[in-house]
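Beneath this line is the structure, given in structure tokens, with notes to follow.
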Amino acid sequence: MAAAKIKKGDQVIVLSGKDKGRTGEVVKSLPKDGKVVVSGVNVAVRHVKPSQGDPQGGLKRSEAPMHISKVAHVTADGKATRVRFEERDGKKVRVAVKTGEVISG
């Protein structure tokens, strides 16, 4: 299994699809499926019938997982960048290709 270039808590930008250009934080990473859940992006709406547990029912909105290839890391100026791994001080760290800055996490 390759090391994760995008992890939970990372700021990402959507590269394609209906939410192209929107940014958000990775809420959940699903490495087995190759997908991520980004806050406020790819929102799915479900019609839910009223039930005992949810007497109100109605429209329920939630973020759906999207493929990891549709998102990229965001630099400080809001542009997309790829991620590479480098060895710094004897540690393997994630580095933004465009800026060369170390990505925390």
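The values are calculated or read from the model by the stated rules, or taken from the named source; none is laboratory data. Computed from a predicted model, the values in this text were never measured in an experiment. Counting neighbours? That spans all protein chains shown, and the Cβs are built from the backbone with ideal geometry, glycine included. Areas reflect the complete protein model, heavy atoms only, side chains present, ligands, DNA and RNA absent. Shrake-Rupley method; radii C 1.70, N 1.55, O 1.52, S 1.80 Å.
For this structure, a couple of remarks:
- Hey, Gly9 among the small types (Gly, Ala, Ser), assigned to a loop (DSSP other than H, G, I, E, B) and under 26 Å from Thr99 (Cβ atoms) or not: yes
- Selection count where residues are among the charged types (D, E, K, R) and open to solvent by less than 80 Å² (accessible area, probe 1.4 Å), scope region 33-42: 1
- Considering residues of region 70-86 that are touching a residue at least 12 places away in the same chain (Cβ under 8 Å) and in a loop (DSSP other than H, G, I, E, B) only, the residue least open to solvent (accessible area, probe 1.4 Å): Thr75
- Region 33-69, residues that are charged (D, E, K, R), under 28 Å from Glu101 (Cα atoms) and assigned to a loop (DSSP other than H, G, I, E, B): none
- Set side by side, the residues Val71, Val37 differ, and just one is in contact with a Lys or Arg (Cβ under 6 Å, 6 or more places away or on another chain) and either under 18 Å from Gly17 (Cβ atoms) or not aliphatic (A, V, I, L, M) (or both), which is Val37.
- Number of residues in region 87-96 that are surrounded by 12 or more Cβ atoms within 10 Å (Cβ to Cβ) and either of a type in the set (Val, Ile, Thr) or touching a residue at least 60 places away in the same chain (Cβ under 8 Å) (or both) equals 3.
- Selection from region 8-17 of residues that are surrounded by fewer than 15 Cβ atoms within 10 Å (Cβ to Cβ) and under 12 Å from Val71 (Cβ atoms): Leu15, Ser16, Gly17
- Scanning region 18-32 for residues that are under 30 Å from Asp77 (Cα atoms) and either open to solvent by 50 Å² or more (accessible area, probe 1.4 Å) or touching a Leu at 6+ places or on another chain (Cβ under 8 Å) (or both) returns Lys18, Lys20, Arg22, Thr23, Glu25, Val27, Lys28, Pro31.
- Inter-residue pairs, beta-carbon under 6 Å, first surrounded by fewer than 10 Cβ atoms within 10 Å (Cβ to Cβ) and in region 43-58, second part of a loop (DSSP other than H, G, I, E, B), 6+ apart: Lys49/Gly57
- Filter pass, Lys92 being part of a loop (DSSP other than H, G, I, E, B) and at pLDDT 90 or above: no
- Single residue of region 35-72 satisfying the filter (among the hydroxyl-bearing types (Ser, Thr, Tyr) and more than 9 Å from the chain's Cα centre (by Cα)) that is nearest to Lys5 (Cα to Cα): Ser69
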